[in-house]
Amino acid sequence: MTSTTPDPLLTNRDGRPVTRVLAVMAHPDDVDFGAGGTVKAWTDAGIEVTYCLVTNGDAGGFDPDVPRSEIPGIRQSEQRAAGAALGVTDVRFLGYVDGELSVSHELRRDISRVIRQVRPDRMLIQSPDRNWQRIQASHPDHLAAGDAAIQAVYPDARNPFAHPSLLQDEGLEEWAVPEVWVLASPTPNQFVDVTDNFAAKIAALRAHASQTSHMDDLEARIREWTGRQAQQAGLPEGRLAEAFMVVSTA
């Protein structure tokens, strides 16, 4: 009798199947750069994925002719289009100020609210640990969003007495997220082969035109980066991968 190893894309390390994933990111495009191919694999498998963007990315953009007041709406629209390219239709924005993010009680509460609404089997967050090998991944907003998200996972969202207004005023009962996947961690322990979803990842990134339209080398840059991660994972030459640190939080 042969045994089959559960697919880590579809099953948590505790053996529970994954039906809902919540991604909490600081800015529009963060999830697409870091995990676009993995997200496409999840949605292709029938997993419901929700995006929660902490800011509107209002400090982004490169075109001086675009009024700054229009950037939040542009970046929201771009993120919705990018999500659609990967099979994601539930995209939410918390509206915090881009470039000024800090871990606060209010941010922890607002992420806890989304956790209790979505009730995910798995979360995708940014690393709260600075990655000295890839400093661009450790934007201060990324670190703050990751730190607030993991604090919302534990202890906030699972504690019925934390942020009492969520239960008393909104009827949102506690929820324990059993597993977290962390982007840009200095110590990844899970690699996902995204070769077959690379085109979808690039399509999602190109949807962020205000951020990527000036990048003539976008595809080559992402291919080189995901190729290095595939080598780190020990995949055959020519394969492409995204990297995560997977943590059981039950």
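The values are calculated or read from the model by the stated rules, or taken from the named source; none is laboratory data. Since this is a predicted model, take the numbers as computed values, not measurements. All Cβ positions, even for glycine, are placed from backbone atoms using ideal geometry, and neighbour counts span all protein chains on display.
When you go through V49, V66 one by one, which is the residue that is of a type in the set (A, V, I, L, M) and either without any contact (Cβ under 8 Å) to a residue 60 or more places away in the chain or surrounded by 14 or more Cβ atoms within 10 Å (Cβ to Cβ) (or both)?
Sole residue among the options that is of a type in the set (A, V, I, L, M) and either without any contact (Cβ under 8 Å) to a residue 60 or more places away in the chain or surrounded by 14 or more Cβ atoms within 10 Å (Cβ to Cβ) (or both): V49.
Given the criterion buried (at least 23 other Cβ atoms within 10 Å of the Cβ), closer than 19 Å to V182 by Cα and at pLDDT 95 or above, identify the matching residue among R122, R108.
R122
List pairs: first residue in segment 107-126 and more than 22 Å from P8 (Cβ to Cβ), second residue of a type outside the set (A, V, I, L, M, F, W, C) and surrounded by fewer than 20 Cβ atoms within 10 Å (Cβ to Cβ) anywhere in the structure, Cβ distance under 6 angstrom, at least six positions apart or on different chains.
The qualifying pairs are R108/Q151.
Do you know which residues across segment 130-164 are modelled with pLDDT under 95 and under 23 Å from N56 (Cβ atoms)?
Answer for segment 130-164, where residues must be modelled with pLDDT under 95 and under 23 Å from N56 (Cβ atoms): Q136, A137, S138, H139.
Just need a number here: residues in segment 123-147 that are under 27 Å from S77 (Cβ atoms) and outside any helix (DSSP H, G or I).
Within segment 123-147, residues that are under 27 Å from S77 (Cβ atoms) and outside any helix (DSSP H, G or I) number 5.
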